[in-house]
Amino acid sequence: MNQDDFKDRYGPVALVTGASSGIGKAFAEILAAKGLDLVLVARRLDRLEELAAQLKAQHGVQVTTRQIDLARPDAAQQMLDATASLDVGLVVSNAGFGLKGEHAANDPQAMTEMLMVNCNVPMQLVHGFTPRLRKRGKGGIIFTSSIEALMGCPYSAAYSSSKALVNALGEALWAELSPEGIDVLTLCPGATESEAAGNQGIDISKLQNVMTAEAVARLTLDNIRNGPTFFSSEPYKAQMDKLLSLPRQTALMAMAQGMKQ
Ligand SMILES: NC(=O)c1ccc[n+]([C@@H]2O[C@H](COP(=O)([O-])OP(=O)(O)OC[C@H]3O[C@@H](n4cnc5c(N)ncnc54)[C@H](OP(=O)(O)O)[C@@H]3O)[C@@H](O)[C@H]2O)c1
């Protein structure tokens with residue numbers, strides 16, 4: 001799709017959650033380069049404002065920033081209110097975080113926040129945006145999920161199950177909305193350079209086949225019409241397919257071994 005067609009279908013405005021770093025920031029940079037105006041959401045307002053100033057100067061687009069804690073129950077409504085007067089054609093529900101380690105050792109409050117950010121926000125946000133997108137008769141929704149959505153991952157139990165919800169939501173909505181001209185794509189990244197690994201105590205230099213956030217976001221936007229799901233990393237998808245072809249007990253024990261290291 002050329003830039004004009006992309007802007008016509010998904011513009012004039014895109015909403016990106018989790019735009020202060022990593023994959024969300026990369027989505028914002030690429031969408032601005034395609035000429036879309038942006039509404040950027042995260043908690044770190046200083047980061048969003050810095051990015052907004054850069055994108056305005058580089059691409060001449062309009063960028064609005066919103067400091068919203070997506071763990072709050074009214075977060076989706078705040079975003080719907082903030083965009084009520086804007087013609088949003090693309091919703092990128094990307095913000096999320098993980099918790100690694102033994103499930104019993106996880107902080108219950110952090111698990112609740114993770115469910116709000118990873119699950120409640122995408123579900124409510126898209127529920128609110130669907131009538132608006134339907135009215136336009138064109139547009140798109142991108143959910144950032146994870147390769148971990150494909151199987152319950154030992155030592156990442158809460159996170160992998162939260163992302164399984166995202167995949168189910170994205171698949172169902174793809175079938176509901178794509179016949180109406182609204183593209184729905186669920187991105188399942190493998191290991192990607194961002195702040196996520198460091199936040200979870202993972203040394204990213206020890207991981208293999210790590211992609212840049214820019215490559216993941218660019219490939220996702222290139223595949224926006226190829227839903228329901230998009231796997232940005234072929235090696236991670238191949239590894240997961242291998243596990244999924246095994247008897248489930250074998251696969252889970254093999255994964256437990258790998259995740260424990
Ligand atoms: N990196 C990977 O290897 C990988 C692999 C699979 C899936 N993913 C998924 O990719 C998505 C993006 O993560 P990333 O890797 O780019 O990590 P990241 O660099 O840590 O970015 C996470 C983004 O989410 C925002 N966020 C987190 N909690 C929030 C909250 N309570 N309220 C508002 N915003 C919040 C952060 O903004 P603030 O902190 O400023 O609020 C930040 O902008 C996530 O859904 C993640 O699960 C990542």
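Results, tabulated for the structure shown:
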| read-out | value |
| --- | --- |
| Of the criteria (1) surrounded by 14 or more Cβ atoms within 10 Å (Cβ to Cβ); (2) aliphatic (A, V, I, L, M); (3) touching a residue at least 40 places away in the same chain (Cβ under 8 Å), which one residue 175 fails | (1) |
| Test: residue in segment 236-252 that is under 20 Å from residue 27 (Cα atoms), crowded, with 17+ Cβ neighbours inside 10 Å and among the aromatic types (Phe, Trp, Tyr) | no |
| Meets criteria (among the acidic types (Asp, Glu) and in contact with a helix residue (DSSP H, G or I) (Cβ under 9 Å, 6 or more places away or on another chain)) for residue 171 | no |
| Of residues in segment 6-26 being more than 14 Å from residue 59 (Cβ to Cβ) and basic (Lys, Arg), the one nearest to the ligand (Cβ to nearest atom) | 25 |
| Enumerated strands (runs of 3 or more DSSP E) restricted to segment 1-99, each holding at least 2 residues that are touching a residue at least 60 places away in the same chain (Cβ under 8 Å) and over 14 Å from the mean Cα position of the chain (by Cα) | 88-93 |
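Condition check ((1) among the polar types (S, T, N, Q); (2) part of a helix (DSSP H, G or I); (3) closer than 26 Å to residue 34 by Cα) across all residues:
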| position | (1), (2), (3) |
| --- | --- |
| 185 | no, no, yes |
| 194 | yes, no, yes |
| 198 | no, yes, no |
| 205 | yes, yes, no |
| 208 | yes, no, no |
| 215 | no, yes, yes |
| 218 | no, yes, yes |
| 224 | no, no, yes |
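Every number in this text was worked out from the coordinates using simple rules, so none of it is lab data. Quick caveat, the model's predicted, so the values are computed rather than measured. With ideal geometry, Cβ positions are generated from the backbone for all residues, glycine too; neighbour counts draw on all protein chains shown.
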